[in-house]
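First the structure, in the form of structure tokens, and then the observations on it.
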Amino acid sequence: MTTTTNVNSNTSSSSSTVSGLIGGNGSVTDLFTTLLVAQIKNQDPLSPQDPSQMVSQLTQLSQMESLQGLASQASTSSGLLSSLQVLTLGGQVGSTVQVQASQIHVSGEKVETSFTLPGNSNKVQLVLTGADGKEQRIELGALNVGANSYTLDPAKLGLTNGDYQIRVENADGVKLPVEVAAQITGVRLTGAGQAVIQLGALGEFDPSAITQFKGHLAS
């Protein structure tokens, strides 16, 4: 009877400790250790726990601590990399870059575009799709294989201000990506900690969209 009373008392005390750790936001390591100690204290003296099981549990504890450390280091490294990226890009404010864009914001200013054709084409079109889903196809004529450029003039084309999806199509109907050149006017971090660059009125772009740095243009 005495043994039973002590075990129940220890169990109650251990349960209270565990509850306190959980309620007090204790670490997972502390909780694991408390449970392990409680298990040892409350084991049946006539049938003690297999030592190999205890070693296995201690190994799991060590692995868990290592994983927690790696997760913490990864989070810290990610934050440092984002900060370094912002500082680096911040030094490029005022310089001109070329970015691959599937969407641009038209505000009346001319937009310098470029694209690469996989082969000669007797018919090339620059396709703009507005927010209403309507397409406007601009005939660029016959163009040769390789790099080509086109200056998009919203006023001349009668484009209203707004967001447009942009792409190029050749005579075979193959859709090709478009790059635009613009000046970096700002850099910021999003709520998720990701850096984005502001290209004037064209909008915001992910730094990974940059295909070329053209430097500061002479005034």
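3J(HN,Hα) couplings calculated from phi for the stretch 133-149 with the Karplus curve 6.51 cos²θ - 1.76 cosθ + 1.60 (θ = phi - 60°) are, in sequence order, x, 7, 9, 10, 9, 9, 6, 9, x, 7, 10, 8, 4, x, 6, 9, 9 Hz; Gly and Pro show x. Couplings for the stretch 188-204, taken from phi via the Karplus curve 6.51 cos²θ - 1.76 cosθ + 1.60 with θ = phi - 60°, read 8, 9, 7, x, 8, x, 9, 7, 9, 10, 9, 10, x, 6, 5, x, 9 Hz in order; Gly and Pro are left as x.
Among the listed pairs Lys134/Lys156; Lys123/Lys214; Lys123/Lys175; Lys175/Lys214, a Cα-Cα separation exceeding 24 Å is found for Lys123/Lys214; Lys175/Lys214. Potential lengthening of the chain between Gln212 and Asp172 amounts to 11.6 nm, from the contour at 0.36 nm per residue minus the alpha-carbon distance. Residues whose amide H comes within less than 5 Å of that of Ser95, counting only those at least five positions distant or on another chain, are Ile184 (H built at 1.01 Å from N in the peptide plane).
Every number in this text was worked out from the coordinates using simple rules, so none of it is lab data. All values derive from a computational prediction rather than experimental measurement.
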